[in-house]
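For reference, the structure is listed below as structure tokens.
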Amino acid sequence: MNKKKIGVVVAVEIDAVLSKYGESGEVIKTRGYTVHTYENEAFVMYVLDSGPGEIAAAAGTQYLISEFGVDMILNFGAVGALTKEMATAELCVVEKEIHYDFDTTDWNGLPRGQYPGQPSPYIPTDAELLDKAVEICPTLLKV
């Protein structure tokens, strides 16, 4: 049986994640990244400290895909942390996102975050994947 490869991208909470999972196995330092590995009978988890920001997270995600061939990516971050529902480090699944720093308002009049040709600034999560995540883990909060 092939073990699942899980990539975990962590922006600024790396110490919290490492304390949660304890001592890692191998620590891989390459291409400017530090990756902590955790392994059991079912999976290998690659925890990458990406640093803050969506560009850093995207680059770290691609690194995990290219270097380790991960089957899935989990993003550990502050999503929704300013809401009272998420104030206690709950596990959540994101229903939609917005690229808050994308702004072409002065050029084409679209609202901040809205890409040309899209009906809204919000980019929805694939409904099938969202439903599958909640099926697997019914306690997931949708934010």
Provide LEU130, LEU91 ordered by accessible surface of protein heavy atoms (probe 1.4 Å), highest first. LEU91, LEU130
Gain in span if fully extended, MET72 to ILE136, counting 0.36 nm per residue against the direct Cα distance: 21.6 nm
Let me check I've understood the local charge: for TYR46, count other residues with C-beta under 12 angstrom from its C-beta, Lys and Arg +1, Asp and Glu -1. What total comes out? -2
Along the charge dipole of the stretch 87-129, pointing to its positive end and built from +1/-1 on Cβ of Lys, Arg, Asp and Glu, which listed residue (TRP107, VAL94, GLY117) has its Cα farthest out? TRP107
Express the relative contact order of the chain as a whole percentage, based on alpha carbon pairs under 8 Å and six or more residues apart in sequence. 22 percent
Helical contribution to [θ] at 222 nm, DSSP H n ≥ 4, -39,500 (n - 2.57), averaged over the chain, rounded to 500: -7500 deg cm²/dmol
Would you work out what percent of the accessible area of the stretch 9-143, with all protein chains in place, is carbon or sulfur (probe 1.4 Å)? 57 percent
Could you work out the relative contact order of the stretch 13-83? I mean the mean sequence separation of Cα pairs under 8 Å and 6+ apart, divided by the number of residues, in percent. 18 percent
Here the net charge surrounding LYS96, from other residues whose Cβ is less than 14 Å away from its Cβ (Lys, Arg +1; Asp, Glu -1), is -2
Counted charge near VAL35, where neighbours are those whose Cβ lies closer than 15 Å (Asp, Glu -1; Lys, Arg +1): -2
At the level of C-alpha centres, the distance separating the stretch 86-141 and the stretch 16-49, in angstrom, is 27 Å
Folded to 0 to 90 degrees: helix 127-136 orientation relative to the chain principal axis, Cα: 40 degrees
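The values are calculated or read from the model by the stated rules, or taken from the named source; none is laboratory data. Keep in mind the model is a prediction, meaning the values are calculated, not measured. Please note: Cβ atoms are built from the backbone with ideal geometry, for glycine as well, and neighbour counts cover all protein chains shown. In case anyone asks, the SASA skips ligands and DNA or RNA and just uses the protein heavy atoms, side chains included. Shrake-Rupley method; radii C 1.70, N 1.55, O 1.52, S 1.80 Å.
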